[in-house]
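**Student:** Before I ask anything, let me first share the structure, which is written out below as structure tokens.
The values are calculated or read from the model by the stated rules, or taken from the named source; none is laboratory data. Keep in mind the model is a prediction, meaning the values are calculated, not measured. Using ideal geometry, Cβ is built from the backbone for each residue, glycine included, and neighbour counts are taken over all protein chains shown. Note: areas computed on protein heavy atoms with side chains; ligands, DNA, RNA excluded. Shrake-Rupley method; radii C 1.70, N 1.55, O 1.52, S 1.80 Å.
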Amino acid sequence: MTTIAMIAGMLPIALGIGAEPSFRAPMAIAVIGGLLTSTLLSLLVIPVVFTYVDDLLGVLRRIGRLLHRANRGAAVS
């Protein structure tokens, strides 16, 4: 909701509505782009990367357990 409010507030400035739009429009466009980028990263990219890393660590743990059992079984024989 904060991102939507900020974008809605910056949109008239970015579109050049109001007094002296040429001075503030580039900054408004940069702010809108930054807000959209950070929102996409925090809501989509970071959770997906976390899920992949968590799955990879789970696979590595299982491989480690299997290797530990195999080494323990070989040492007993």
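**Student:** Counting only protein heavy atoms and a 1.4 Å probe, tell me what percentage of the chain's accessible area is made up of carbon and sulfur.
**Tutor:** Working: 4680 of 6370 Å².
So the carbon and sulfur contribution to the accessible surface is 74 percent.
**Student:** A further question follows. Go through the stretch 51-63 residue by residue and turn each phi into a ³J(HN,Hα) via Karplus (6.51, -1.76, 1.60, θ = phi - 60°); whole Hz please, and just put x for glycine and proline.
**Tutor:** 4, 5, 5, 5, 5, 4, 5, x, 5, 5, 5, 5, 5
**Student:** By how many nm would the segment from S42 to M27 lengthen if fully extended, with 0.36 nm per residue of separation less the alpha-carbon distance?
**Tutor:** Details: separation 15, 0.36 × 15 = 5.40 nm, distance 2.22 nm.
That pair, S42 and M27, stretches by 3.2 nm at full extension.
**Student:** Applying 1/(1 + (r/R0)^6) with R0 = 22 Å to the Cβ-Cβ distance of A5 and V49, what FRET efficiency is obtained, to the nearest 0.05? Let's see the in-between values first.
**Tutor:** Values: r = 28 Å, r/R0 = 1.25.
For R0 = 22 Å, the calculated efficiency reads 0.20.
**Student:** Related question: Per residue, how much accessible area does the stretch 26-77 show when a 1.4 Å probe rolls over the protein heavy atoms, in square angstrom? Mind showing how you got there, number by number?
**Tutor:** Numbers: 4350 Å² over 52 residues.
Normalised by residue count, the accessible surface of the stretch 26-77 is 84 Å².
**Student:** Next question, about the same structure. Can you work out the base-10 log of I(q)/I(0) for the chain at q = 0.14, 0.15, 0.17 1/Å, using the Debye formula on its C-alpha atoms alone?
**Tutor:** Values, matching the q order: -0.64, -0.68, -0.76.
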